[in-house]
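What follows draws every value from the coordinates through simple rules; no lab data is involved. On a predicted model such as this, the values are computed, not experimentally measured, just so you know. For neighbour counting, all protein chains shown are included, and Cβ atoms are generated from backbone atoms with ideal geometry for every residue, glycine included.
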Amino acid sequence: MLTLVQNVVLEEQNAENRKSLDIVLQCIDILLYLIRDILDMGKKSFKSLNIMMEHTTIREIISKVIDLFSFQMKNKGVFFMSEVLMDLDTTLLTDCNRVQQILFNLLSNALKYTRSGGFVKLGVYPETQEKQGFAKFSVSDNGVGIPEHRKPYLFKLFAQVEEGRDKEGCGLGLSICQSLIAHLNPTNGKTKGIQFFSEENKGSDFFFFLPIGKNDETEICDELYYDSVDKRINQYSGAIAKKFIAHKKVPETQSEQARSSNSMSLGESPILNCRKEKVKKYEGPRIPLVLIVDDDPTCTLAMEIQVRHLGFHFKTAYNGKEALEVIKKQSDLKQNFDLILLDCNMPIMDGFQTAQAVISMSENDEIPSIPMIATTANVHSTDVEKCKSAGMKYYLSKPIRPLDLAKLCEEILHTSLTSFD
């Protein structure tokens with residue numbers, strides 16, 4: 001269903017309708033994060049949290065999180081700010097979805113415990129410890145803070161900041177996030193785990209570290225502001241450097257902040273070069289032909305819409321046996337497929353068997369080599385390795401997002417299918 005809503009957004013021309021649908025998508029994303037937390041609670045008990053380590057960038061990690069929270073912050077009347085003192089294209093070897101899950105929890109808590117007129121800030125900063133580079137992710141606010149007597153229980157299951165205070169949620173998030181960080185950054189010392197500074201009625205700063213590849217340079221961007229930090233709690237109470245990331249002036253005191261509300265709109269999250277990426281249609285001399293193989297009619301429909309929006313031609317099959325027949329027929333017509341989207345779990349002949357059969361046909365010179373993308377809801381490392389062993393070099397996790405499909409098609413077909421607003 002998520003994919004279908006995303007497809008409607010792609011096709012919708014009316015700006016107001018698109019805005020409403022974007023809000024629906026944000027709510028679905030929030031629900032997915034909550035479901036993931038609940039599932040992870042059970043997996044944590046059995047020490048079986050799924051972690052998929054891949055190369056990703058700071059931009060990829062934070063752009064979705066910023067989009068997700070901008071509306072919520074604005075709706076509550078909270079200033080939402082972004083401060084990145086690193087190159088947005090710095091590469092990290094980590095699980096992008098899991099880092100986003102952690103940031104989602106930290107930002108949700110910051111929003112929950114920050115009153116209207118307050119602020120929440122998402123920051124990313126360079127850090128070096130024992131010749132190892134790290135990206136420090138920080139979520140700070142000037143909300144209610146955490147009482148001293150509650151701090152020792154903060155990362156325990158079902159713990160609340162304060163009994164009787166805004167008892168929303170079930171206290172799962174921070175405990176699960178701490179377990180995730182232990183997998184994502186298994187180091188000791190200063191960079192270990194989620195850490196925090198907090199003072200009641202003044203605010204909190206939660207932060208964690210992710211290692212950077214040894215060959216990756218951590219360039220600090222120009223024209224970014226530093227704020228004065230008292231006990232690492234962000235208060236607008238001192239000289240704050242010159243410019244907001246998007247060149248908006250930062251108020252120097254809380255009273256000045258109130259007077260200059262027109263200079264920084266509520267919910268705004270300026271971030272250097274982090275424009276919204278979108279899908280665009282294929283422009284080339286020959287339109288690619290794609291085979292969609294999936295036994296689920298809803299998934300098939302969703303992928304048809306996405307492939308059509310990319311400007312590709314396509315044909316469909318509902319199991320591996322049908323797919324092989326279609327591939328053979330197209331080969332006889334001298335109209336071979338450029339790409340196959342292949343579901344892994346199907347009746348009659350599954351995706352793994354189908355992939356091996358396609359490779360065998362290619363090795364026997366019956367058809368040219370065709371790149372295959374595995375489409376699966378299982379994204380554990382063992383599942384990915386199984387796909388690769390079967391000959392499916394690429395994979396996409398369901399629900400498939402239009403932008404993810406477009407980027408992978410760009411890589412495989414050596415064409416341009418994305419652009420920035």
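Starting from the eigenvalues of the Cα gyration tensor, five times each then square-rooted, give me the equivalent ellipsoid semi-axes of the range 278-420, largest first, whole Å. Each step should come with its number before you reach the end.
Details: eigenvalues 91, 70, 40 Å².
For the range 278-420, the semi-axes come out at 21, 19, 14 Å.
If R0 is 45 Å, what FRET efficiency do you get for LYS192 and LEU301 from their C-beta distance, rounded to 0.05?
Computed FRET efficiency for LYS192 and LEU301: 0.45.
For ILE367, enumerate residues with amide H under 5 Å from its amide H, sequence gap 5+ or separate chain, H modeled in the peptide plane.
SER362
Efficiency by 1/(1 + (r/R0)^6): what FRET value for LYS280 and ILE348, r their Cβ-Cβ distance, R0 = 35 Å, to the nearest 0.05? It would help to have the intermediate numbers written out before the result.
Working: r = 37 Å, r/R0 = 1.04.
With a Förster radius of 35 Å, E is 0.45.
Past 20 Å, Cα to Cα: identify those pairs from LYS74/LYS151; LYS329/LYS388; LYS64/LYS407; LYS329/LYS393; LYS280/LYS393; LYS76/LYS278, in the order given.
On the way: LYS74/LYS151 29 Å; LYS329/LYS388 26 Å; LYS64/LYS407 15 Å; LYS329/LYS393 24 Å; LYS280/LYS393 24 Å; LYS76/LYS278 28 Å.
Beyond 20 Å: LYS74/LYS151; LYS329/LYS388; LYS329/LYS393; LYS280/LYS393; LYS76/LYS278.
Between THR415 and LEU93, how many nm apart are label points set 7 Å from Cα along the C-beta direction?
Each label point lies 7 Å from its Cα, and together they span 3.4 nm.
Which order do the peptides 61-73, 118-130 take when ranked by the mean count of other beta-carbon atoms within 10 Å per residue, highest first?
61-73, 118-130
What spacing in nm lies between the two simple spin-label points modelled at GLU385 and LYS156, each 7 Å away from Cα in the Cβ direction?
3.8
Grab the Cα-Cα distance for ASN336 and SER116, subtract it from 0.36 nm times how many residues apart they are, and report the gain in nm with one decimal. Kindly include the intermediate steps, with their values, before the conclusion.
Working: separation 220, 0.36 × 220 = 79.20 nm, distance 5.87 nm.
Value of the extension gain: 73.3 nm.
With a cut-off of 8 Å between alpha carbons and a minimum separation of six or more residues, what is the relative contact order of the range 278-420 in percent? List each step's numbers first, then the result.
On the way: 237 pairs, mean separation 35.6, N = 143.
About 25 percent, as a whole number.
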